[in-house]
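One structure is given here, and the rest of the page talks about it.
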There are 4 protein chains.
Amino acid sequence: MARDAARVETFSDGVFGVVLTVMAVELLQTGPARVGGRELPEALADAWPSYLAYVITFAIAGQVWIAHHNIWRYVVRVDQMLLVLNLLVLLFIATIPFTADLLSDNLRGGPTEQRLTAALYVGTVLGEALFVNLTWWWARRRGLLHPDLDPRLARAVARRMRLKPLLYLVAFAVVFVDPILSLCAYLLLVAFYLIGGPGDLRPYAHPAKDGSAA
Amino acid sequence: MARDAARVETFSDGVFGVVLTVMAVELLQTGPARVGGRELPEALADAWPSYLAYVITFAIAGQVWIAHHNIWRYVVRVDQMLLVLNLLVLLFIATIPFTADLLSDNLRGGPTEQRLTAALYVGTVLGEALFVNLTWWWARRRGLLHPDLDPRLARAVARRMRLKPLLYLVAFAVVFVDPILSLCAYLLLVAFYLIGGPGDLRPYAHPAKDGSAA
Amino acid sequence: MARDAARVETFSDGVFGVVLTVMAVELLQTGPARVGGRELPEALADAWPSYLAYVITFAIAGQVWIAHHNIWRYVVRVDQMLLVLNLLVLLFIATIPFTADLLSDNLRGGPTEQRLTAALYVGTVLGEALFVNLTWWWARRRGLLHPDLDPRLARAVARRMRLKPLLYLVAFAVVFVDPILSLCAYLLLVAFYLIGGPGDLRPYAHPAKDGSAA
Amino acid sequence: MARDAARVETFSDGVFGVVLTVMAVELLQTGPARVGGRELPEALADAWPSYLAYVITFAIAGQVWIAHHNIWRYVVRVDQMLLVLNLLVLLFIATIPFTADLLSDNLRGGPTEQRLTAALYVGTVLGEALFVNLTWWWARRRGLLHPDLDPRLARAVARRMRLKPLLYLVAFAVVFVDPILSLCAYLLLVAFYLIGGPGDLRPYAHPAKDGSAA
């Protein structure tokens, strides 16, 4: 019965794996090893936006992977719409390296560049958050979740997820004050969702689709 | 008994994962972040063919993944020929980013460019559709599908699949009228196959290889 | 009990997936879409070595994947040495795109280029064949295969595998006659191993690790 | 019960697969096939740092994969912290191609380049070793390992793992004597951990999470 969901996870993991490593591959291309005629320490130091883009991509895509993992472990059946919603989640996740790269490249640019790249980045994250929310909503509505899942937990997970796009919009608004501060707000948000919430918000303390209490 | 098919799925998912993310990686290379000396908003706007190629690739490869998933969930055994047919499906799928990139780059080119790139694109999609059809035909003929699968459903799936290459050829013919219209026809087709057909055409409402009714 | 082998397969499939798609990604880079100021049809035609390298890579890596799949479905336990041997198989497989690219780029070069690139290519394939042979030999010797596997089948598989490096050396020797002929010999060999041998050479007609007769 | 751990493995394998193949993809870009106007044998010979970086990356990432495999086969449950620790392991693993590339490119550079790149490389490997150690420590402390795992084995594994960062620091110190010697020391270390330890240090001779003695 869990078979369909298993393949969706494998497929999504393929996309996540590439997204997580793409920026590290980019380092090879833009790295100082390819730039002759300069001092290595200086060249390495100047490549800091690439390192930052790598860490941002890793943090955000890693956090989304954990969220994806937490959701899909409760899904025991899939339908066509759930697959389409999952594809749309992946569509936005796969653009994280691009927008994170633009964001870090333009952190010290003019206000137009800063706001435009921050808007693109927040657009990516909002799109991802929207379709993750819809995935959960659809799976609950269509009875695709594990029958033993406590409905109160399912609601609590939905509430916590719904909060995420709002918090990202707040982090985006901060770009009009200071772009670095806005980036810090993004990363704080990631850390907040990585740590997990108290009590009923932790999916792990509840019966998963294998029927065992963790 | 489902083990062989499981590995074919994992392997195919690896290819699908790279195909889906390749165009997003390309954005990093051709993106305005690498092009100095221009205004960022203008540079980002001019990169629209790359975004279009990304969305086309994602839509078509995502739809093919769902079709692949729907077929392989009924396959309980594999033989050498089924593996070869699956490799040929992947051979065409892996060229989707290349042909989608050419297509979107030449949408505003001369009629020769438009027709040539549309022909290449439709060739990729036809090749994929042909071998997906052969996969299903071979699996049915050799008794590699789940024994509980209703033969009427198997036939209905085959009928719907056979329609696909024909519809793609119609979409291709439209390029002689207008290339943008032809592209829209492609995307409409993808949407049509994403939504799924009525009643018996939906594989999900029937017993899958785990023997459970969805 | 099959769990260890399952993860080795997933991991190897990740490498195979990238190898199969790498040349298609390269098409994006070397493709005519990036070369301005030339006629598209001519530019596309001139890129034929890239298409050839893609097809060669796909054929050879696809064939090796099927061989890998056929071997590992009989493996029920792993030890450290089997993991190391599998890593060495992957080390050579991952260089197939590089050597196939060199080979196809130099098919119309001078005799030095032709022989050097053919030698590199055959070196890659020999290395892969050597370690695939050692994998099977080690798994048989250490009793890591499924206990129900017929020893005669295991020996027949080993015999057929041992033949492969010898046939590749013959195909390499042909490069001194004609490089195109040598390439054709390589591809014939791939086709020969894709089709599979008669009777007892077909792993699929025998009990696999799940204990079911195919 | 093993389900959660299974998906962590699939996801990590996606990252490992890309890391192992990235340097082979790089060969395609920096390879002599792209450099016109030179003799092919000479051009191929001059690209030796790329080959070295490929082999270093493969050796180190392959060894880490085996270690990851050995650890995770004992993990039967996951919690949020274990997922975060695993993400941090992957964060460092994904940078191995970049640091290995820098290291091999600067092996014949000045002492500043040699020491800087060796320091970056050892930083990557230390980060990976640190979080692998923390993964094991956390899993033991929180009771996430298989209940039948002998506590003495778990301790022995932890002891052997703790040794690794220390040995890497020694290998790094050698760079002040000779950079080539330091690199040899790294590779010897990898070989040491690939071969495995005596008796109780071999995870494979003990009951794994499927409950079967290997």
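The values are calculated or read from the model by the stated rules, or taken from the named source; none is laboratory data. Since we're looking at a predicted model, the values are computed, not measured. Cβ: placed from backbone, ideal geometry, glycine included. Neighbour counts: every protein chain shown. Ligands, DNA and RNA are excluded from the accessible area calculation, which covers all protein heavy atoms including side chains. Shrake-Rupley method; radii C 1.70, N 1.55, O 1.52, S 1.80 Å.
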Among the listed residues D:Tyr186, D:Tyr121, D:Tyr193, D:Tyr168, identify the single one that is closer than 26 Å to C:Asn86 by Cα, under 15 Å from the mean Cα position of the chain (by Cα), within 13 Å of chain A (Cβ to nearest Cβ) and modelled with pLDDT under 90.
D:Tyr121
State yes or no: is A:Arg160 within 14 Å of chain D (Cβ to nearest Cβ) and among the charged types (D, E, K, R)?
yes
Out of (1) surrounded by fewer than 21 Cβ atoms within 10 Å (Cβ to Cβ); (2) in a helix (DSSP H, G or I), what's the single condition that is false for B:Val64?
(1)
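Would you mind stating whether D:Leu149 is among the aliphatic types (A, V, I, L, M), farther than 22 Å from C:Ala5 by Cα and modelled with pLDDT of 80 or more? Working first, answer last.
Details: among the aliphatic types (A, V, I, L, M): yes; farther than 22 Å from C:Ala5 by Cα: no; modelled with pLDDT of 80 or more: yes.
For D:Leu149, the condition - among the aliphatic types (A, V, I, L, M), farther than 22 Å from C:Ala5 by Cα and modelled with pLDDT of 80 or more - is not met.
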B:Phe58 assigned to a helix (DSSP H, G or I), open to solvent by 30 Å² or more (accessible area, probe 1.4 Å) and closer than 20 Å to B:Val190 by Cα
no
Does at least one position in segment A:93-100 carry a residue that is part of a helix (DSSP H, G or I), facing chain B (nearest Cβ under 10 Å) and closer than 22 Å to A:Trp138 by Cβ?
yes
Which listed residue, of C:Ala191, C:Ala156, is crowded, with 17+ Cβ neighbours inside 10 Å and small (Gly, Ala, Ser):
C:Ala156
Quick test of your reading of the structure: D:Glu39 fulfils all but one of (1) at pLDDT 90 or above; (2) open to solvent by 20 Å² or more (accessible area, probe 1.4 Å). Name the failing condition by number.
(1)
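Yes/no per residue for (1) within 12 Å of chain A (Cβ to nearest Cβ); (2) modelled with pLDDT under 85; (3) in a helix (DSSP H, G or I):
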| site | (1), (2), (3) |
| --- | --- |
| B:Ala5 | yes, yes, yes |
| B:Tyr54 | yes, no, yes |
| B:His68 | yes, no, yes |
| B:Val84 | no, no, yes |
Long-range neighbours under 6 Å by Cβ, at least six apart or interchain, first residue farther than 13 Å from D:Ala171 by Cβ within segment D:121-133, second of a type in the set (A, V, I, L, M) and open to solvent by 20 Å² or more (accessible area, probe 1.4 Å):
D:Phe131/D:Leu88; D:Asn133/D:Met161
If you scan segment B:108-153, which residues turn out to be of a type in the set (S, T, N, Q) and open to solvent by 40 Å² or more (accessible area, probe 1.4 Å)?
B:Thr112
Restricting to segment C:35-52, and then to whatever is part of a loop (DSSP other than H, G, I, E, B) and of a type in the set (A, V, I, L, M, F, W, C), can you tell me which residue is nearest to B:Asp105 (Cα to Cα)?
C:Val35
Return the total of residues in segment C:89-105 being under 16 Å from D:Val18 (Cα atoms) and open to solvent by 10 Å² or more (accessible area, probe 1.4 Å).
4
Residues of segment B:135-153 satisfying the condition of being assigned to a helix (DSSP H, G or I) and either in contact (Cβ under 8 Å) with a residue 60 or more places away in the chain or under 15 Å from the mean Cα position of the chain (by Cα) (or both)
B:Thr135, B:Trp136, B:Ala139
Condition met for A:Val132 (closer than 30 Å to A:Leu27 by Cβ, touching a Ser or Thr at 6+ places or on another chain (Cβ under 8 Å) and away from every other protein chain (no Cβ under 13 Å)):
no
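Charged (D, E, K, R), open to solvent by 10 Å² or more (accessible area, probe 1.4 Å), on the phi < 0 side of the Ramachandran plot and more than 10 Å from every other protein chain (Cβ to nearest Cβ): is that true of C:Arg77 in this structure?
Working: charged (D, E, K, R): yes; open to solvent by 10 Å² or more (accessible area, probe 1.4 Å): yes; on the phi < 0 side of the Ramachandran plot: yes; more than 10 Å from every other protein chain (Cβ to nearest Cβ): no.
Considered against the rule, which asks whether it is charged (D, E, K, R), open to solvent by 10 Å² or more (accessible area, probe 1.4 Å), on the phi < 0 side of the Ramachandran plot and more than 10 Å from every other protein chain (Cβ to nearest Cβ), C:Arg77 comes out as no.
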